[in-house]
Amino acid sequence: MARPSVEDLYAGIRAGNRAMLARAITLVESERASDFEDAQRLLNMLLPDTGNAIRIGISGIPGAGKSTFIDAFGMMLTEQGKRVAVLAIDPSSTVSRGSILGDKTRMARLSREETAFIRPSPSSGTLGGVHRKTRETMLLCEAFGFDTVIIETVGVGQSETVVAEMVDVYLVLMIAGTGDELQGIKRGILEVADILAINKADGDNVKRAQLARRELQTALHLMRGSRKGWQPPVLACSALEGTGLDAIWEQILKHRALMIETGEFETKRSEQAIHWMWNMIEDGLLSSLRQNDDIAAKTSELEARVNRGELTPSSAATAVLEAYFQAMRAR
């Protein structure tokens, strides 16, 4: 089947054609240079129709039940008339770069909703728990008409804060009963989280969840205080029973309203766009460097010398950059 033109993709997305949305996402995720040019043209055409959705990032410690939470949370939103897109990032193998991409099976109810869309993508080794084209995919979903976009990251780690640089509100899920709850999450996450929720607050775990909630709220208060009038709340919820989800949504809306009132919303969106631009510049420069055959040969030689202990990594890096700049000047 011939690939639809950029114009066809644009028309299909604006008309609400889900197949065209899926094909447009495949286009922007492509690594081919020709596809990159078409993808950017499509995104520029759609840009006036983007930016109207609530962008929510969700991370969580291992076992926190992110997918189960999003399934229940998304269902609650669709029942309220919301149109929900979920960009679920699956961890990739460091060897094969392959990924299971099983989020649709873990979000069984939401995946069947006509007003919801779930797109699993592999992280492909990208730091930050997101796919390197997650931002572009988010714009496509907004142009399609989704008013709530949820980005589910691969988990919590030191690089997970990258997702905070592309969303309006960052929600971190935790669970109680793992020993010291404060050890289950990195300090860097606590410093950027807008809302925290203790999931699995059901059955015999309710008391532990409430205790963990109070301890974490105290720790957050001591660590961060309030920022522009916002003190990150810590809530308890159960995705299994569907309890506490409405309170989380209420806090998300409250946070958004405060950001708009203080002017922080537009400022943050603008800063994120500039940060995105520089990320693309860095990606482009690195890609250009790696695709240069002469530089690749020199890099292999320098790697061997570093491996043998004949050269420091810093000296080797400087040599690679000097060779690259010289090659660029010679063009």
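The values are calculated or read from the model by the stated rules, or taken from the named source; none is laboratory data. Please read these numbers as outputs of a predicted model, since none were measured by experiment. Cβ sites come from the backbone with ideal geometry, for glycine too, and all protein chains shown count toward neighbours. The protein model used for the area step is the full one, side chains on, heavy atoms only, and it has no ligands, DNA or RNA in it. Shrake-Rupley method; radii C 1.70, N 1.55, O 1.52, S 1.80 Å.
Whose amide H sits under 5 Å from the amide H of D168, counting only residues 5 or more places off or on another chain, with H placed in the peptide plane?
Here R55, I56, G57 satisfy the definition.
On alpha-carbon atoms, Rg over Rh for region 239-331 using Kirkwood Rh?
Rounded to two decimals, Rg/Rh equals 1.34.
Return the subset of K133/K200; K82/K133; K133/K268; K200/K268 for which the Cα-Cα distance in this structure is over 30 Å, preserving the input order. It would help to have the intermediate numbers written out before the result.
Details: K133/K200 32 Å; K82/K133 24 Å; K133/K268 20 Å; K200/K268 32 Å.
Where the Cα-Cα span goes over 30 Å, the pairs concerned are K133/K200; K200/K268.
Over region 196-331, average the accessible area per residue using a 1.4 Å probe and give it in Å², no decimals.
Values: 8610 Å² over 136 residues.
Roughly 63 Å² per residue, with all protein chains present.
Using a 1.4 Å probe on the protein heavy atoms only, what accessible surface does M45 show? Give it in Å² to the nearest 10.
The accessible area comes out at roughly 60 Å².
Give the Rg/Rh ratio for region 203-264, taking Rg as the radius of gyration of the Cα atoms and Rh as the Kirkwood radius, to two decimals.
Dividing the radius of gyration by the Kirkwood radius yields 1.04.
If you take every residue apart from A319 with its C-beta less than 14 Å away from the C-beta of A319, what net charge results, scoring Lys and Arg +1 and Asp and Glu -1?
Numbers: positive: K298, R305; negative: D294, E301, E303, E310, E322.
That sum, taken over residues with Cβ under 14 Å, equals -3.
Would you work out if region 22-62 is rounded, prolate or oblate? Take a ≥ b ≥ c from the square roots of the eigenvalues of the alpha-carbon gyration tensor; rounded if a/c is under 1.5, else prolate when a/b is larger than b/c, oblate otherwise.
Oblate.
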